[in-house]
1. Please say if region 321-468 is rounded, prolate or oblate, where rounded means a/c under 1.5 for a ≥ b ≥ c the square roots of the C-alpha gyration tensor eigenvalues, and otherwise the choice is prolate for a/b larger than b/c and oblate otherwise?
2. Can you give me the % of accessible surface on the chain that is carbon or sulfur? Probe 1.4 Å, all protein chains present, nothing else counted.
3. Hey, if you put +1 on the Cβ of every Lys and Arg and -1 on every Asp and Glu Cβ in the chain, which of Thr218, Leu123, Ala43 ends up farthest toward the positive end of that dipole?
4. Compute the relative contact order of the chain as a whole-number percentage, counting only Cα pairs closer than 8 Å that sit 6 or more residues apart in sequence.
5. Quick check: net charge around Gly299, other residues with Cβ under 12 Å of its Cβ, Lys/Arg +1 and Asp/Glu -1?
6. Give the residue from Ile335, Val292, Val311 lying farthest towards the positive end of the charge dipole for region 290-368; charges sit on Cβ (+1 for Lys and Arg, -1 for Asp and Glu) and the dipole is referred to the Cα centre.
7. Assuming 0.36 nm per residue, please report the length gained on full extension of the stretch Leu551 to Ala469 beyond their Cα-Cα distance.
8. Looking at the chain, send over the antiparallel percent of its DSSP beta bridges, to the nearest 5.
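The values are calculated or read from the model by the stated rules, or taken from the named source; none is laboratory data. Because the structure is a prediction, the values reported are computed rather than measured. Cβ: placed from backbone, ideal geometry, glycine included. Neighbour counts: every protein chain shown. SASA here: full protein model, heavy atoms, side chains in, ligands and nucleic acids out. Shrake-Rupley method; radii C 1.70, N 1.55, O 1.52, S 1.80 Å.
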Amino acid sequence: MMNRPVILAVDDEPTVLAAVARDLRREYGEDYRVLRAGSGEEALEVLRQLKLKSEPVALLVVDQRMPGMSGVAMLREAVELFPEARRVLLTAYADTEAAIQAINDVRLDFYLMKPWDPPEQHLYPVLTDLLDAWRAHYRPPFEGVRVVSHRWSADGHRVRDFLARNLLPYRWLDVEDDPEGGELLALVPDATKALPLVVFPDGSHLARPTNEEIAERTGLRTHADRETYDLLIVGAGPAGLAAAVYGASEGLRTLLVEREAPGGQAGMSSRIENYLGFPVGLSGGDLARRAVAQAKRFGAEIVTPREATAVRLEGDYPVVSLDDGTEIAAQALLIATGVSYRRLDVPGARELEGAGVFYGAAITEALAARDRDVFVVGGGNSAGQGAVYLARFARSVTVLVRGSSVEDTMSSYLIQQIEETPNACIRTDAEIVRVHGEATLEGLTVRDVASGTEEETPAAAVFIFIGAAPRTEWLGDVVARDGRGYILSGPALMRDGTRPEGWTAPRDPLWLETSVPGIFTAGDVRHRSIKRVASAVGEGSMAVQFIHTHLKGSVLAPRQTTPAAAG
């Protein structure tokens, strides 16, 4: 809820200031916050803090005769901070000439002669009229996080992407084009030396913050409440979120750990059009938002950004180490870490990552690509969805595909949409061999795979969707994986009816269970999984049923978290 607009009273005489504030609160205190300042310098500092907090200022009631800084001088600087605020000067009879001059100098709205008793006759009618006029033209300020950065700043992209994917409302202010961005930088000393500047709703700010610092300031949960849970889920993509919903709703103490943001790779999708029950489609962010709310409603804890770095077994418990040094034990562990896009391995790509070279849809950069030429690399559905979305903003979108066709890798509805989009096209037999640019992307060298010829082309941005690799390095050799790193589970573990080596349970592995009893896997990280959102959701939901089966047959004693006392 927006804070009440501010009325600021300024006078160096304490008794007069108290009387002004008293009269203002009596008449306007229900709808406005009345603040006081004892000098022009103090008033300007109050206004600077209100500006950082993005709080509205409706009216300034300022005494003219103050030592050090006159009322007119103070209003002259206040206009730069709050140009829409109404301005009233309190004057003595001898100050009339200065007040009249101030009408032109600081666009003074009114001047009042002291004393103004009774206020019902000499004060309130004037101020009420001014406040009504301010209300009529007032536009509520944005109340979320504000990010000031350069258009193609890699750190700026990281911050915006983190905020967007964690469903935190923010406003991006281009330091070169947006006047408000320049105003915020002027209020924060030395901010230009460490962009991006992130200003939070309470007026606090951080220069070039880490994702974890942003998470802590914005109220995201970054640490688990307990050391032991019934169900620990690593990865908050569609599979992990579905498991959290079903696990928590069925009474399991559930913790979900995510290293970036809920939604996973699917959360970066601009539009999912073939998900059951949404005939007009929905964005990946919207799907993630709904799932997070549902999981939290049932009592699941979600910790982000927090990365799992290792797993080990302590008796029958899987114990997961996190990047903050803590360890979490659980009766059952579900690995749903999904996959990440492969990096473009050509000269210049790594240096310009986040500064024109992006992985995934990078929806946060779509507006920055307005009226520019951009490229999408990849032939799958994610690439097609990204191209259709970017075409709403960019001057042109070219999809580069190394193969000779996309019919076997991209859904027909997406191919048709691209063909019907005037400023989008698919170019087959094409691959990027070099990325050009100093501080930001400037162009690409594209090779024709069939002929071998190369050409340079200008480019403002390139979005990469070139296959994926599973996030399983942190598992070490604890669970069995295939040659590409995907986790083996269920029937894939059995060899001629023989259970996997080291298997300790008196039963065969359950369908989504790994080579370790009590450790399960679901979603894209699983060996031979179907890479679709609906499949991941289904596997995450089914995993909870198998986890219940495991828990019923493996009633574990309470885990000792501290050494027993000596007898």
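1. Working: a/c = 1.82, a/b = 1.52, b/c = 1.20.
Prolate is the answer for region 321-468, as a/c is 1.5 or above and a/b outweighs b/c.
2. Details: 12850 of 26200 Å².
Its accessible area is 49 percent carbon and sulfur atoms.
3. Checking the options against the dipole of the chain, the answer is Thr218.
4. Relative contact order of the chain: 10 percent.
5. Details: positive: Arg253, Lys296, Arg297; negative: Asp225, Asp230, Glu250, Glu301.
Result for the local shell: -1.
6. Val292
7. Working: separation 82, 0.36 × 82 = 29.52 nm, distance 3.11 nm.
So the chain would gain 26.4 nm between Leu551 and Ala469.
8. Values: 33 of 91 bridges.
Here the antiparallel bridges make up roughly 35 percent for the chain.
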